[in-house]
Structures are given as C-alpha cells and as structure tokens.
1. If you check Gly138, Gly93, Gly112, which single one turns out to be at pLDDT 95 or above, touching a Cys at 6+ places or on another chain (Cβ under 8 Å) and outside the structural domain of Thr217 (by TED's automatic domain parsing)?
2. So which residues in region 203-231 are charged (D, E, K, R) and either in contact with a helix residue (DSSP H, G or I) (Cβ under 6 Å, 6 or more places away or on another chain) or not in a loop (DSSP other than H, G, I, E, B) (or both), if there are any at all?
3. Is region 156-168 home to any residue that is more than 22 Å from the chain's Cα centre (by Cα), part of a helix (DSSP H, G or I) and assigned by TED's automatic domain parsing to the domain that holds Leu50?
4. Does region 188-217 hold any residues that are aromatic (Phe, Trp, Tyr) and modelled with pLDDT under 95, and which are they?
5. Could you please let me know if Val88 is crowded, with 20+ Cβ neighbours inside 10 Å, within 20 Å of the chain's Cα centre (by Cα) and under 29 Å from Glu258 (Cβ atoms)?
6. In region 256-271, what count of residues is obtained for those that are surrounded by fewer than 15 Cβ atoms within 10 Å (Cβ to Cβ) and β-branched (Val, Ile, Thr)?
7. Tell me whether region 244-254 contains one or more residues that are modelled with pLDDT under 95 and either surrounded by 21 or more Cβ atoms within 10 Å (Cβ to Cβ) or not assigned by TED's automatic domain parsing to the domain that holds Gln60 (or both).
Amino acid sequence: MLLPFREHLDFGPTPYDLLQAKEGIPIVRGNVIADVLDVALGKWERMGVLGSFVNLSNQQRTDAYICEIPPAGQTLPQRHLFEEIVYVAKGRGATSVWQEGVGKVTFEWATGAIFAMPLNASYIHFNGSKEPVRLFVGTTCPAMMNIFHNQDFIFRNPFDFRDRFHAGDEFLRYNKHVTDRYWETNLVPDVNEFPLDDFPMKGKNVKHMRFTLADTTYGCHVSEFPPGCRSTFHRHGPGAVIIITQGEGFVVLWKDGEERQRHEFKVGTIYSPDDLMWHGHFNTGKGTMRHFAMRGDSPKYSHDRFRNPAWTMIPMGDEDPAIQKEYVDILKSKGIDAVVQVVED
C-alpha cells in the first residue's frame, strides 16, 4: 500500500544545491507561480543571459528554469548530460544544435512552441526579434547531478549520443504519430494549434497527446479540457511541472491532514504538486483550457506501462460535495452553459 506521505530528511546541501549556489541566479520555490512572465531574473554567467531556477514541489528529481534573451541576443553555447524540454513562453527566435563532426541544424520557433535538446548535444538559442524572449525549460539536472556529483562530468563530457541526434534536415522532418495519443517529433510549433487525439475514457471532448521529443527519456504531454470540465483529484510521485497554455481556471492542492489550497490560473501560470499531493484541474472559462506538463518518462522509454488508480484517485462519491457545488456556482456566475464533466485523471 502506498503511504500518504514521505518524510523529508535533510542531510545538508546536495550536489545539485551546490551547483545552484555556484550559478548564483534567483531560485523560485513553492508550488505555484502566477505568471511565468513576472518572475524576477538575475544575471546568469554560464548561459550569458538573465535567468532564474524554478524549484517547485520540494523535490530534486526534476527542475525548471526561466531564461530571458535580450533583443537580437543569444545564449552562450551549452552542452550537458541532462535532458531538457523547452517551452517558448514569449517571443520568437531560433536554436542551433550540433555534435562534433556533424553540421549544425538550425530551426525557428515562436510563442507556444515546444522542443527538446538531444542529450549532450551543443546548442545556442537566438532571439530573432526586437523584444525579449522568455523560455521556460524543464530539466532532469537534479537527478543527474546528484547521481554523478561531478560538475565537469555533467557539463564537459565529450561523448556524443549519435543515436539521439537526427542530423541535417532529418532533425526537422522527423514527425511520427506512433499510436493513439502518442507522437514522436523534435519540434511542436504551437501547443495550442497541435491536433490532439480524443480521450473518450477521460470525458466527452477531452483531448490529449503524449510526446517523445528529440528521443528524450523525459516525458511530456498536452491536455485539453472543454468548458465545464474538471478532473478528479489525483496524485502521483514528485517532479511534474505544469504550465497553462490556453484558457483559465483553478487548481486545488492539498496533502492528507492539511487544508485545501485553491489557486487561480491563466495562460502562463505554472504549478507543481508535491510528492503524493492531491490535486485537481478545473476549467472555468468559456473556451477550452490546455496545459503542457513535463513529468515522468517519455512513452518510448517508459518501463511502467500500467496504471492502478485505486490509490491515485479520489472517486467523486468520496469527494467533499462542497468542491463540486463551488465549481458549478462559479460556472453559473460566468454564464457558462455547460454540462459539468469529470475527468478521471
């Protein structure tokens, strides 16, 4: 039986903590960031731009960071032995990626795009506009740094993963709808325009797509909730980071024995539940709501392909009735004429 919580033990700074101290940029903690565009940034010497770490949900399996590239600016060349998924929160530009002895691949992107960096490949991000660009990036840096606890090994490792890098035009052409709700590609130009697959077991008009990006083992997905749609309360292990890309609503978070916390969200809101923290997503807008989540393993490399909702979900019959009543009242106050659907998430 899965325990309702895990005790947090503090043995002093981890190798990841020491890396962050060396980087010297601000660190945002907690569970919710109201707007990715409002996060304060500091000078980031390694990247050559402004940046901030996003360490939500008190865990060190994954993290995220925000970096801002000035008009007509660029990052310094980067290379590292952890995986990275990029969401373009604002602006337009381009990225060049390469390996030793292989020509550079350069692709353009704009607000709403997602892509990944092939493991340990070199890359540079460019701002191709007259306005600052903001990138929101999820990584597996904490896990890798704490495993190897050697910064030179992580950032100066010369090994090239030839099987992970699609050289030349093949990098941009690689695009495969593998099966229902699963796509392999290297670049999604716009998460709000990308066609998702129906997920009827989740509810009427609910849509979903899981991705393997750039052959990464780091998982991500996009979900769409129609008006009047909410999820059941569910929980899972640590490391999920979610950003709202379309619509509005709220998320409710709590741990067993603690009071529920309700947080409104809009485009650009980021949230991340703690390990085994109950949470539910609620669409309160007149249009669809989409979110982009980075969590777990990519479908291609996942070793756990089964789900047991008995301990991960609260059935509606066991939920506090006040939650559903409040949601219905909010929809009515906004003039939303929709039949409330509940997604078994």
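1. Gly138
2. Answer for region 203-231, where residues must be charged (D, E, K, R) and either in contact with a helix residue (DSSP H, G or I) (Cβ under 6 Å, 6 or more places away or on another chain) or not in a loop (DSSP other than H, G, I, E, B) (or both): Lys207, Arg210, Asp215, Glu224, Arg230.
3. yes
4. Phe199
5. no
6. Count: 0.
7. Within region 244-254 (the criterion being modelled with pLDDT under 95 and either surrounded by 21 or more Cβ atoms within 10 Å (Cβ to Cβ) or not assigned by TED's automatic domain parsing to the domain that holds Gln60 (or both)), the answer is yes, since at least one residue qualifies.
So that you can scan it fast, the table gives a plain yes or no per residue for (1) in the same structural domain as Asp152 (by TED's automatic domain parsing); (2) at pLDDT below 95; (3) more than 15 Å from Val49 (Cα to Cα); (4) surrounded by fewer than 21 Cβ atoms within 10 Å (Cβ to Cβ):
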residue	(1), (2), (3), (4)
Ile69	yes, no, no, no
His80	yes, no, yes, no
Glu83	yes, no, yes, no
Lys104	yes, yes, yes, yes
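The values are calculated or read from the model by the stated rules, or taken from the named source; none is laboratory data. Here the structure is a predicted model, which is why all the values come from computation and not from measurement. Every residue, glycine among them, receives a Cβ derived from its backbone with ideal geometry; neighbour counts consider all protein chains shown.
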